[in-house]
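The values are calculated or read from the model by the stated rules, or taken from the named source; none is laboratory data. Everything quoted here is computed from the prediction, not taken from an experiment. Here the Cβ positions follow ideal geometry from the backbone for every residue, glycine too, while neighbour counts run over all protein chains shown.
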Amino acid sequence: MNRFAASVVLCASGLLVLAACSAGKTVHPAAHGSATPERVGPTSTDSVRIGPFTQVFSTPLPANPAPARVIADFREAQILWVKSDGAWHLIAPVTGYVTGDALRHLTIAVSENKSHDLVPAGTDRMFMTRVTGITGATATVTTCDDSSKYKEQDPRTGEVNAAYTPALDQAYLFETWHMVQLSGHWAISALSVASLPDQAAQPCQP
């Protein structure tokens, strides 16, 4: 998933050269106007534009209502994550859609990305997204993440951050998102990421 997922992979391997294991997508508040969000979860194959950054959800919602709701809330959590990073503080209602260890990562991301004054640009695409299990108040979402066209740039000058150039074989990730019921909907609670040479990431490669 962009820099957040890449950071998880690199932190785990001890190879992180990005800023202090920062995590998440960043968007400058001026790039998207008001920090007051409405319900923004897409309803089918969709993309969401936030300033110079576009998040693409290329897998349609499942026909079954139960997993469809999980995916819809998963998408909304992703967008609220981006908007919080862009506002450089946690915006309501992100803490209703991101909780636990994932919220810790987001809080770090907000602080780190603000200190480096970089915003996302280009495109991040999630594909082959599906619910692999729902048990009571927990669910699991897996997705492939194509960040090959993701960039970071200075919001004032538009200059691209040349220090963030992941290798192509690290740009296609396999992600597992753990979801929990929170305040009547689904929220992200934790994440794990696989990249090559992990075989789990192989189906995500172009």
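Here are the numbers:
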quantity	calculated
Test result for Leu18, under 24 Å from Tyr172 (Cβ atoms), at pLDDT 80 or above and not small (Gly, Ala, Ser)	no
Residue count, region 132-160 (criterion: within 21 Å of Leu191 (Cβ to Cβ) and in contact with a helix residue (DSSP H, G or I) (Cβ under 8 Å, 6 or more places away or on another chain))	10
Cβ pairs under 9 Å, 6+ apart, first in region 163-175 and surrounded by fewer than 17 Cβ atoms within 10 Å (Cβ to Cβ), second part of a loop (DSSP other than H, G, I, E, B)	Ala163/Val17; Ala163/Leu18; Leu168/Pro206; Asp169/Ser195; Asp169/Leu196; Asp169/Pro197; Asp169/Gln205
Given (1) at pLDDT below 95; (2) of a type outside the set (A, V, I, L, M); (3) assigned to a strand (DSSP E or B), number of the condition Thr165 does not satisfy	(3)
Selection within region 176-200 - within 29 Å of Ala92 (Cβ to Cβ), in contact (Cβ under 8 Å) with a residue 40 or more places away in the chain and outside any strand (DSSP E or B)	Ser183
Region 68-92, residues that are modelled with pLDDT under 95, surrounded by fewer than 20 Cβ atoms within 10 Å (Cβ to Cβ) and not hydrophobic (A, V, I, L, M, F, W, C)	His89
